[in-house]
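Structure first, then comments.
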Amino acid sequence: MPTNKRFDKVLTKTEKIKRAQSVKNEDVEFSAEQADAQDLEAIRRAEVADRRQERIISDSE
């Protein structure tokens with residue numbers, strides 16, 4: 001019996017949210033060997049944002 005799923009129907013908002021949440025929970029392993037310039041830039045920007053967020057939190061305490 002074929003198990004191909006068809007994705008040609010329009011999803012409801014609830015279905016979209018469920019699908020998005022299931023994707024967010026997947027673990028992803030980072031490989032420095034496979035990283036390109038955009039990946040490295042994203043890491044750098046995330047680190048800067050984390051430091052900025054930590055500074056905001058510590059200033060408000």
With the crude spin-label approximation of a point 7 Å out along Cα→Cβ, what separation in nm comes out for residue 60 versus residue 47? 2.5
What does the charge count around residue 40 come to, taking other residues whose C-beta lies under 14 Å from its C-beta (Lys +1, Arg +1, Asp -1, Glu -1)? -3
Between residue 14 and residue 35, the two model label points (7 Å from Cα along the beta-carbon direction) sit apart by a distance in nm of 4.1
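Restricting to Cα atoms and excluding each atom paired with itself, what does the Kirkwood estimate give for region 11-57 in Å?
Hydrodynamic radius (Kirkwood, Cα only) of region 11-57 equals 13.5 Å.
Coordinate-derived values only; no laboratory data. Computed from a predicted structure; not experimentally measured. Backbone-built Cβ (ideal geometry, glycine too); neighbour counts: all protein chains shown.
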